[in-house]
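Take a look at the structure below.
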Amino acid sequence: MAKPLPSSVLCKPVCRARGGVHPPHNKFTAQSATQTLPLPAAVTIPLAQHIGAPCLPVVSVGQQVFVGTLLADRTDALCAPIHSSVSGTVKAIGPMICAGGRLADGVTIETDGNQTPDPDLQPFPVSSAEDLVAAARACGLVGLGGAGFPTHIKLRPSPEQPIDTILINAAECEPHITSDDRACLEDTPLIVRGMHTLLAALQPKQVIVGIENNKPKAIEALVREIEGNPDAENWLRVMPLPSHYPHGAEKILVQVATGRRVPAGKIPSFVGCSVLNVSSLAVLQNFIETGMPLTHRRITVDGPAVINPQNLLAPIGTAIQELLDFVGVHEPPAKVLSGGPMMGSALLNTAMPVVKQTNAVLAFDKKNDLSDRHQAPCIRCGRCATACPMSLMPTLIERYAKINDIENLRRVGVGVCMECGSCAYSCPAHRPLVQYMRLAKEIERKGRT
Ligand code: SF4
Ligand code: SF4
């Protein structure tokens with residue numbers, strides 16, 4: 001009989017999240033050990049992979065680069081440097097369409113097939129909060145499951161708002177995606193060493209991994225890695241969460257793990273918490289130990305059009321088409337998403353590259369592409385409002401967005417919408433509510449400028 005998990009390492013959520021939905025998990029690749037994608041002939045690495053202004057290139061055409069060589073940087077606070085994911089020669093630097101439709105430069109590198117690490121890379125020892133912030137920046141780390149918020153900003157200590165709780169986000173509540181699950185299983189010691197690093201540098205009261213209970217093997221791996229170490233058992237915890245979308249949303253995770261609510265327009269540090277994605281933590285700890293920055297992503301490639309769904313390790317800058325060619329598709333996909341079915345965004349085309357935030361690529365055939373399904377008028381059933389974890393009224397927001405009513409959009413709190421898609425998922429009339437939420441937020445944002 002399996003040895004029971006020690007209660008000293010486990011902890012429970014303090015409250016339930018409001019609203020949310022229960023889409024089918026479809027974690028078909030949970031048992032798929034990560035495969036390394038064959039090296040592409042060339043990669044194109046966009047210089048806009050974070051929420052701030054794009055980086056500026058520090059390499060030139062014809063230059064030889066190695067894995068981990070700095071390609072671009074910028075001194076702005078909201079910036080994370082960008083490194084080469086391959087060894088080879090810079091062939092071009094020029095404008096391209098980046099994630100989210102932004103226009104910015106990209107660096108195209110022809111690979112030499114050797115994947116030689118940059119000889120200047122050195123471990124980056126961390127013994128203080130300042131060191132940790134510097135490491136996160138030098139590593140080029142951004143939120144790997146989200147909008148590309150630079151991690152060094154999240155980790156920066158503030159005397160007014162000391163961090164007492166660090167949450168490691170391994171919830172991975174989106175259907176299909178298993179890349180964080182595989183990280184927990186394949187990088188367990190690295191993740192737990194990373195938790196120790198956070199503990200030593202930031203000195204919080206606790207470091208908690210929040211993980212949905214549909215990942216029992218990952219929960220067991222993390223608990224076994226922590227158990228038996230008295231130091232670790234005092235400070236490190238694993239919190240299995242009910243499988244409930246969107247538990248992986250940062251503000252929701254803070255709420256269920258600590259009972260604290262992050263106000264609109266604020267980040268978790270405002271309530272004494274810092275949230276770090278579990279894959280981000282593994283990358284950061286690897287950088288601290290080896291000096292190798294963020295150059296590759298573990299990506300779940302799945303969806304009804306895919307023949308052989310699996311998790312792939314791919315260099316940043318690889319064309320999405322290379323991933324699809326490797327797993328095979330039944331027919332040319334009608335739609336390809338970067339990210340999960342709830343919050344992912346449709347790709348303009350499959351020549352677009354893997355970026356730091358790419359955690360999944362989902363390909364849908366015509367039969368399973370629901371984007372063209374019939375939309376009916378709202379029947380005022382209220383299901384969207386019940387499903388909204390932020391207590392918003394999506395129908396009101398839709399109405400105010402259609403008439404450009406900025407004042408009322410602010411009054412109903414459109415700014416707190418995290419575009420989780422729970423409202424659209426529950427709507428029997430198939431209203432495109434997330435699109436309206438995005439439009440409404442844009443109208444409200446433009447009204448401020
Ligand atoms: S997308 Fe916005 S409005 Fe819709 S459920 Fe999520 S938070 Fe609420
Ligand atoms: S769930 Fe759809 S039909 Fe029901 S109130 Fe909301 S928008 Fe209208």
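The values are calculated or read from the model by the stated rules, or taken from the named source; none is laboratory data. Just so it is clear, the model here is predicted, and its values are computed rather than measured. Reconstructed Cβ throughout: ideal geometry from the backbone, glycine too, with neighbour counts over all protein chains shown.
Data table
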read-out	value
Residue match in the range 251-260 (condition: assigned to a helix (DSSP H, G or I), farther than 24 Å from residue 29 by Cα, among the charged types (D, E, K, R) and within 15 Å of the chain's Cα centre (by Cα))	yes
Cβ pairs under 7 Å, 6+ apart, first in the range 1-22 and over 18 Å from residue 248 (Cβ atoms), second surrounded by fewer than 15 Cβ atoms within 10 Å (Cβ to Cβ)	8/233; 9/233
Flag for residue 392 being of a type in the set (A, V, I, L, M, F, W, C), in a loop (DSSP other than H, G, I, E, B) and within 16 Å of ligand 2 (Cβ to nearest atom)	yes
Residues of the range 291-308 classified as farther than 17 Å from residue 335 by Cα and without any contact (Cβ under 8 Å) to a residue 40 or more places away in the chain, total	1
Any chance residue 178 is surrounded by fewer than 24 Cβ atoms within 10 Å (Cβ to Cβ) and hydroxyl-bearing (Ser, Thr, Tyr)	no
Residues located in the range 393-408, provided they are aliphatic (A, V, I, L, M) and surrounded by 21 or more Cβ atoms within 10 Å (Cβ to Cβ)	397, 401
Any hit, the range 411-423, residues being farther than 23 Å from residue 100 by Cβ, among the aliphatic types (A, V, I, L, M) and buried (at least 21 other Cβ atoms within 10 Å of the Cβ)	no
Members of the range 220-238 that are crowded, with 24+ Cβ neighbours inside 10 Å and at pLDDT 95 or above	222, 238
Check on residue 95, free of Cβ contacts under 8 Å to residues at least 12 places away in the same chain and more than 23 Å from the chain's Cα centre (by Cα)	yes
Test: residue in the range 360-382 that is within 16 Å of ligand 1 (Cβ to nearest atom), under 23 Å from the mean Cα position of the chain (by Cα) and closer than 22 Å to residue 313 by Cα	no
The range 326-349, residues that are modelled with pLDDT of 95 or more and not aliphatic (A, V, I, L, M)	326, 328
Among residues of the range 261-302, those that are assigned to a loop (DSSP other than H, G, I, E, B) and either within 19 Å of residue 152 (Cα to Cα) or modelled with pLDDT of 95 or more (or both), counted	9
Subset tally (residues that are part of a loop (DSSP other than H, G, I, E, B), out of contact with any Cys (no Cβ under 7 Å at 6 or more places or on another chain) and hydrophobic (A, V, I, L, M, F, W, C)) for the range 66-88	5
Within the range 89-191, helices (runs of 4 or more DSSP H) holding 2 or more residues that are modelled with pLDDT of 95 or more, aromatic (Phe, Trp, Tyr) and more than 24 Å from residue 347 (Cβ to Cβ)	none
Residue list for the range 15-43, filter: farther than 30 Å from residue 216 by Cβ, surrounded by fewer than 20 Cβ atoms within 10 Å (Cβ to Cβ) and of a type in the set (Val, Ile, Thr)	none
Subset of the range 386-423 that is within 21 Å of the chain's Cα centre (by Cα) and of a type in the set (Gly, Ala, Ser) - its residue that is farthest from ligand 1 (Cβ to nearest atom)	415
Leading residue by the ranking (nearest to residue 263 (Cα to Cα)) among those in the range 403-422 that are within 16 Å of ligand 2 (Cβ to nearest atom), in contact (Cβ under 8 Å) with a residue 24 or more places away in the chain and out of contact with any Asp or Glu (no Cβ under 8 Å at 6 or more places or on another chain)	417
Condition met for residue 436 (within 10 Å of ligand 1 (Cβ to nearest atom), touching a residue at least 24 places away in the same chain (Cβ under 8 Å) and within 30 Å of residue 323 (Cα to Cα))	no
Out of 75, 34, sole residue that is of a type in the set (Ser, Thr, Tyr) and touching a Leu at 6+ places or on another chain (Cβ under 7 Å)	34
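One line per residue, one yes/no per condition, for (1) on the phi > 0 side of the Ramachandran plot; (2) not in a helix (DSSP H, G or I):
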| site | (1), (2) |
| --- | --- |
| 379 | no, yes |
| 386 | no, no |
| 400 | no, no |
| 404 | yes, yes |
| 409 | no, no |
| 446 | no, no |
